[in-house]
Structure formats: C-alpha cells, structure tokens
Amino acid sequence: MSLEITLSLDDQDLEHFRKAMEAAQERASGAPEADVTAKAQETLDKVSEDARAPQFVKAKLAQLQSLITMLNDSDWPLGPEERTDVVSALAYFYDPKDIIDDSVPVLGLLDDAIMIELVTREMRNEIQAYEDFCTYRTREEAKGGRDISREDWLSSKRKELMDGMRNRMNSRGRGSRFTRFSFR
C-alpha cells in the first residue's frame with residue numbers, strides 16, 4: 001500500500017527555505033566549485049545506497065544528478081552566470097547544517113527533498129534544455145557514431161523550428177502569406 005501526501009508551502013514557509021538556502025550559499029561561498037559538486041554527489045550516492053531512505057526522497061535526490069552532470073559535461077559549456085546558478089543550487093548539500101538533521105529516520109531527508117523540489121522548479125528551463133540535449137546526443141551518437149556537441153544540438157533545434165514555421169505557413173496556403181504586396 002502506498003500513501004500520497006501533498007505539502008503546501010505558504011509564503012512564510014518559502015521564506016524559511018529561502019533563508020536556509022541563503023545560509024547554505026554563504027557557508028559554501030568560499031568553497032571551490034569541485035568541492036560543492038563532490039559534496040552534492042556524495043549526498044546523492046549516500047542516500048541512493050541507503051535501503052532505509054524513503055523512496056520519495058530518493059526520487060527527489062535523483063534530480064540532483066542532472067545538475068551535477070550538467071556542470072561536468074564538456075559538451076554543455078555553461079557560461080559563468082549559469083555555472084554560478086547551478087553551484088548555488090547545490091550549495092544546500094555542501095554543508096550538513098540543513099533544516100532537519102539527515103540522521104533522523106525518514107524525516108531527516110524531508111527538507112532535502114523539499115529543497116530539491118524548489119531548486120528544480122527554479123531551474124526547470126535549464127534542466128529541461130540539458131535533458132533534451134542529452135536525449136538528442138544519445139540518439140545522434142547511436143546513429144552516426146560521432147560525438148555530438150551543444151552546437152550540433154542548437155543547429156538541429158534551429159532547423160526544427162524553421163521547418164515547423166515553414167510547414168505552418170504552407171498549411172495556410174500561399175495566398176495567406178503576407179508579402180510586401182499583400183496590403184492593397
């Protein structure tokens with residue numbers, strides 16, 4: 001039997017998590033990016049291997065992997081601002097001083113799961129773009145046997161968007177297309 005529980009966080013609750021994230025970011029501010037990433041990976045690995053960890057927590061923590069992988073993927077070069085955003089999102093997992101001590105059975109990782117939900121919602125566009133790229137890269141590398149870069153993916157996306165635009169324009173018929181002579 002499983003049970004679904006829905007949590008609603010009001011503005012005061014969200015402010016509490018914002019302050020916890022800001023404190024974690026402050027504690028991690030002098031740490032090298034590699035250390036923050038390694039600590040987040042360590043947290044992820046530890047919980048994944050813990051048979052006692054609740055499944056809902058494991059599912060949330062698994063979302064950390066996309067952020068960690070994104071930072072380390074040479075085919076997905078992030079600009080300085082984007083790198084800072086991802087490292088800042090991982091800062092909560094750098095320092096064990098989080099809201100609920102992780103050693104408390106079942107509930108100890110609840111704050112981590114909530115924080116991941118908040119972070120992944122904030123970074124959903126970046127995560128979705130990266131996951132789309134990974135799917136494309138896997139598919140294309142299987143077909144062609146060559147390494148696929150972010151530029152290859154962007155070029156493919158541009159072509160896909162232009163083809164879609166042309167198809168929509170053609171489906172309306174040539175007569176409905178505006179030209180400089182259409183406004184008599």
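Bear in mind that the values in this text are calculations on the coordinates, not laboratory data. Keep in mind that this is a model prediction, so the values were computed, not measured. Positions of Cβ are generated from backbone atoms using ideal geometry, with glycine treated the same way; all protein chains shown enter the neighbour counts.
Details
- Taking label points 7 Å from Cα along the Cα-to-Cβ direction, ARG146 and ASP50 give a separation of 4.6 nm.
- Dipole of the chain, positive end: most advanced residue of LEU3, LEU78, ALA40 [Cβ charges, Cα centre]: LEU78
- Cα pair distances in the chain, grouped into 5 Å bins until the bin that holds the longest one, percent each: 1, 7, 13, 15, 15, 12, 9, 8, 7, 5, 3, 3, 2, 1, 0, 0
- Per-selection Rg to Rh, region 15-122 - Cα, Kirkwood hydrodynamic radius: 0.95
- Of GLN12, MET165, GLN65, farthest towards positive along the dipole that unit charges on Lys, Arg, Asp, Glu beta carbons give the chain: MET165
- Within the listed set ALA34, ALA142, ALA24, the Gaussian network model of the chain (springs between alpha-carbon atoms below 10 Å) gives the highest mean-square fluctuation for ALA142.
- Acute angle (nearest 10 degrees) that the helix 110-122 long axis makes with the longest principal axis of the chain, alpha-carbon atoms: 20
- Modelled FRET efficiency - R0 45 Å, LEU161 with LYS19, Cβ distances, 0.05 increments: 0.65
- For peptides 80-93, 146-159, 54-67, sequence by mean Cβ density within 10 Å, most packed first: 80-93, 54-67, 146-159
- Gaussian network model of the chain, springs between alpha carbon atoms under 10 Å - residue of ASP35, ASP13, ASP112 with greatest fluctuation: ASP13
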